[in-house]
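Here is the structure we will look at, set down as structure tokens.
The values are calculated or read from the model by the stated rules, or taken from the named source; none is laboratory data. Keep in mind that what you see is a predicted model, and the values were worked out from it rather than measured. Because the Cβ atoms are built from the backbone with ideal geometry, glycine has one as well, and the counts that use them run over all protein chains shown. What goes into the accessible areas is simple: the full protein's heavy atoms, side chains included, and nothing from ligands, DNA or RNA. Shrake-Rupley method; radii C 1.70, N 1.55, O 1.52, S 1.80 Å.
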Amino acid sequence: MELPKDLIQALDNVETICVLTGAGISAESGIPTFRGPEGYWAKYRPEELATAEAFLRDPVLVWSWYQHRRDALVTAQPNAGHRALVRIEGAARRFALVTQNVDGLHRMAGSRNQFELHGNIRINRCHNCGSEIDLGEFHFQNEVPRCSCGGMIRPGVVWFGEALPAQAWAAAVQAAESCDCFLSVGTSSLVYPAAGLPQIAMKRASLVVEINTETTPLSAAAAHHLRASAGSALPAIADVLEQRSADPV
Ligand code: OAD
């Protein structure tokens, strides 16, 4: 896609980039988003599937849902948006990628300095003692796996009402505070605290660019709202940044 000329000019001065991604970046890999008519929350209620209370009430139902989501990931591959972020990391002086996604596709694409705010669906941990547990090729059928401490093992994601991983959150805030360009990509900007990161960046007069196929609560406040898919807008941004690195000073 063609970027606005003033954005191309502004990108010329950018050295430190912080990116926040949400479910929209993985939509082009065939993974459903949460909100919207085709999203998970149109069919299921978050409080029945994505809370600790739901897990304690009906662990089989919650496990079945996460197994269904894991199954969908078996063949999922990073898309042009994920790959462009790897190029953007290579072209920036400093770069941090903060994601609300649990699908691990950024890592699979090759992003290095990344922070998963909502954990990772491919990991398991004990709901009681918190230990990370390797279940090998485990595939949930009917029996909830148990830790040696006796606690129930659960997917390693963060549920509504749970604290974000402290180190990842501290790194995200630090990256938002110190960047001169903040990209908000494929997120509804509705779920806090992650949705507050662009505001932190704006306090520093950082260049905030939103990439989203729809408008969100962030759109009006962002310096640029690119109403486009991540897979078309991010490669265009990567092209500009790489061209800049290649140009003689
Ligand atoms: P949502 O599903 O709420 O929002 C996805 C956003 O991506 C929407 O604003 C879409 O317009 C946009 N979008 C869709 N396809 C796109 C594309 N190809 N390119 C660019 N944008 C696109 O997902 P999140 O905002 O990430 O939390 O949701 C945040 C959290 O709420 C999730 O991590 C999850 C959810 O409930 C938990 O489960 C704790």
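Here is a yes/no grid of residues against (1) touching a strand residue (DSSP E or B) at 6+ places or on another chain (Cβ under 9 Å); (2) in a helix (DSSP H, G or I); (3) modelled with pLDDT of 95 or more:
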{"residue": "VAL14", "(1), (2), (3)": "yes, no, yes"}
{"residue": "GLU47", "(1), (2), (3)": "yes, yes, no"}
{"residue": "PHE55", "(1), (2), (3)": "yes, yes, yes"}
{"residue": "ALA76", "(1), (2), (3)": "no, no, yes"}
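Residues in the range 139-163 that are assigned to a loop (DSSP other than H, G, I, E, B), under 19 Å from LEU49 (Cβ atoms) and open to solvent by less than 80 Å² (accessible area, probe 1.4 Å): PHE140, VAL144, PRO145, VAL158, TRP159, GLU162.
So which of LEU56, LEU85, LEU61 ends up being surrounded by fewer than 20 Cβ atoms within 10 Å (Cβ to Cβ), among the hydrophobic types (A, V, I, L, M, F, W, C) and in contact with a His (Cβ under 9 Å, 6 or more places away or on another chain)?
After applying the criteria, what remains is LEU56.
Could you tell me which numbered condition ALA76 fails, if it satisfies all but one of (1) free of Cβ contacts under 8 Å to residues at least 60 places away in the same chain; (2) under 19 Å from ILE211 (Cβ atoms)? Failing condition for ALA76: (2).
Taking the criterion of being part of a helix (DSSP H, G or I), buried (at least 19 other Cβ atoms within 10 Å of the Cβ) and small (Gly, Ala, Ser), the only residue of the range 88-103 that qualifies is ALA91.
Is it fair to say ARG112 is part of a loop (DSSP other than H, G, I, E, B) and open to solvent by 60 Å² or more (accessible area, probe 1.4 Å)?
For ARG112, the condition - part of a loop (DSSP other than H, G, I, E, B) and open to solvent by 60 Å² or more (accessible area, probe 1.4 Å) - is met.
Applying the criterion of being over 19 Å from ASP180 (Cβ atoms) and without any contact (Cβ under 8 Å) to a residue 60 or more places away in the chain to the residues of the range 216-238, the residue that is farthest from the ligand (Cβ to nearest atom) is ALA220. So, in the range 103-114, how many residues would count as being on the phi < 0 side of the Ramachandran plot and either basic (Lys, Arg) or out of contact with any Pro (no Cβ under 8 Å at 6 or more places or on another chain) (or both)? Going through the range 103-114 one residue at a time, the tally reaches 6.
Taken together, GLN9, GLN67 contain a single residue that is more than 14 Å from the ligand (Cβ to nearest atom) and either open to solvent by 80 Å² or more (accessible area, probe 1.4 Å) or among the aliphatic types (A, V, I, L, M) (or both), which is GLN9. Scanning the range 194-215 for residues that are surrounded by fewer than 19 Cβ atoms within 10 Å (Cβ to Cβ), in a loop (DSSP other than H, G, I, E, B) and among the polar types (S, T, N, Q), we see that the one that is farthest from the ligand (Cβ to nearest atom) is THR215. Could you tell me whether ARG69 is part of a helix (DSSP H, G or I), among the basic types (Lys, Arg) and more than 26 Å from LEU183 (Cα to Cα)? Yes, satisfied.
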